[in-house]
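Below is one structure, written out as structure tokens; comments come after it.
The values are calculated or read from the model by the stated rules, or taken from the named source; none is laboratory data. Computed from a predicted model, the values in this text were never measured in an experiment. Methodologically, a virtual Cβ is constructed for each residue, glycine included, from the backbone with ideal geometry; neighbour enumeration extends over all protein chains shown. Side chains are part of the model used for accessible areas, which takes the heavy atoms of the whole protein and leaves out ligands, DNA and RNA. Shrake-Rupley method; radii C 1.70, N 1.55, O 1.52, S 1.80 Å.
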Amino acid sequence: MKLSSLVGLVAAVGTATAQSTPNAVVRDADTGLTFTSNFQLYKADGRGITFRVAIPESAESYTSYDVVVQAIVPNDVGWAGLSWGGSMPRVPLLLAWRGSSNNVILSGRLANGYIAPQPSNIAQYTLIPAGTKSNATHWQYTALCRGCSAWVQTNGAYRYLSPRGGNRLAFAYSPNRPFDVNNPSSSIPIHEVHGYWSHDFAAARNRDFESIVARLTS
Ligand code: HEM
Ligand SMILES: *[C@@H]1O[C@H](CO)[C@@H](O)[C@H](O)[C@H]1NC(C)=O
């Protein structure tokens, strides 16, 4: 069995808890933002990465709007990737891993095919310290993204994520860390697992998004 087909096992292995409810709505005390949350298995024993999204109430369809992304990652993960376009090539990818002093390294990337993604500013990320931390079992990052909800495709057309429904996102997981662990432009080993889900953006809308984000990033 391919590891990439583990997602369906979450109930079967008996670890289904509140954290694995699809599109759970989570009010995050650290940031004051409300996120929709999805848990993605990468090991059959129940280990997984939680990906969360918060957007502005004012976000309109077919426009570019800011997104706050939060991920909660077990310490055995070498790198965790998130694809805003729900596949690997030619869409904004966010790579994250732990640096040598338990700090989080974020790296926006773009892949021209099924080949190693290169550093890219197709989307820009600002780490939010209030939602970025680690402990004995997990590390977590929270970041503001500009360019994650809309981007220009190679054919010149725009691609938009809907603020009023589900968007297909994808993740990739490697147990191995990037080669130059403190360098955001480091080359990385290939993933062992990837998966997809439909992430609900409608319930991720926050009325006070702009003022909260301004406070969190000032
Ligand atoms: C050294 C870095 C990487 C290499 C060499 C690589 C290579 C590949 C290859 C060869 C495949 C096809 C596998 C198959 O068909 O079974 C694939 C699929 C995939 N990769 Fe990567 N990858 C890398 C990094 C990433 C990153 C950072 C992400 C971020 C999310 C990612 C997301 C995906 C996804 C979602 C798929 C499934 C196919 C698709 O939906 O496009 N990859 N990758
Ligand atoms: C460790 O950190 C993660 C991520 O912030 C959190 O979800 C988890 O509850 C924490 N565990 C403990 C024991 O505090």
Practice task
Check R215 against each of (1) under 20 Å from I128 (Cβ atoms); (2) touching a strand residue (DSSP E or B) at 6+ places or on another chain (Cβ under 6 Å) and name the one condition it does not meet.
Solution key: (2)
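So, in the range 25-48, exactly how many residues are outside any loop (DSSP other than H, G, I, E, B), touching a helix residue (DSSP H, G or I) at 6+ places or on another chain (Cβ under 8 Å) and closer than 17 Å to A143 by Cβ?
The qualifying residues number 4.
State all residues of the range 178-201 that are under 22 Å from G131 (Cα atoms) and surrounded by 14 or more Cβ atoms within 10 Å (Cβ to Cβ); if no residue qualifies, say none. Talk me through it step by step, then tell me what you get.
The initial filter retains those residues of the range 178-201 that are under 22 Å from G131 (Cα atoms), namely 181-184, 199-201.
Within the range 178-201, V181, P184, H199, D200, F201 meet the criteria.
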Practice task
Could you look through the range 145-155, keep only residues that are within 16 Å of ligand 1 (Cβ to nearest atom) and open to solvent by 50 Å² or more (accessible area, probe 1.4 Å), and pick out the one that is modelled with the lowest pLDDT?
Solution key: T154
Completion exercise
Expected single match for closer than 18 Å to E192 by Cβ and open to solvent by less than 40 Å² (accessible area, probe 1.4 Å) among V91, V73 is V73
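Every residue, every condition in (1) among the charged types (D, E, K, R); (2) open to solvent by less than 20 Å² (accessible area, probe 1.4 Å); (3) within 13 Å of the chain's Cα centre (by Cα); (4) more than 16 Å from ligand 2 (Cβ to nearest atom), yes or no:
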{"site": "A136", "(1), (2), (3), (4)": "no, no, no, no"}
{"site": "A143", "(1), (2), (3), (4)": "no, yes, yes, no"}
{"site": "A157", "(1), (2), (3), (4)": "no, no, no, yes"}
{"site": "L161", "(1), (2), (3), (4)": "no, yes, no, yes"}
{"site": "S174", "(1), (2), (3), (4)": "no, yes, no, yes"}
Practice task
Determine whether the range 95-113 contains at least one residue that is without any contact (Cβ under 8 Å) to a residue 24 or more places away in the chain and within 16 Å of ligand 2 (Cβ to nearest atom).
Solution key: yes
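Based on what the data block shows, is S58 of a type in the set (S, T, N, Q), open to solvent by 10 Å² or more (accessible area, probe 1.4 Å) and over 15 Å from H191 (Cβ atoms)?
Working: of a type in the set (S, T, N, Q): yes; open to solvent by 10 Å² or more (accessible area, probe 1.4 Å): yes; over 15 Å from H191 (Cβ atoms): yes.
So S58 passes the test.
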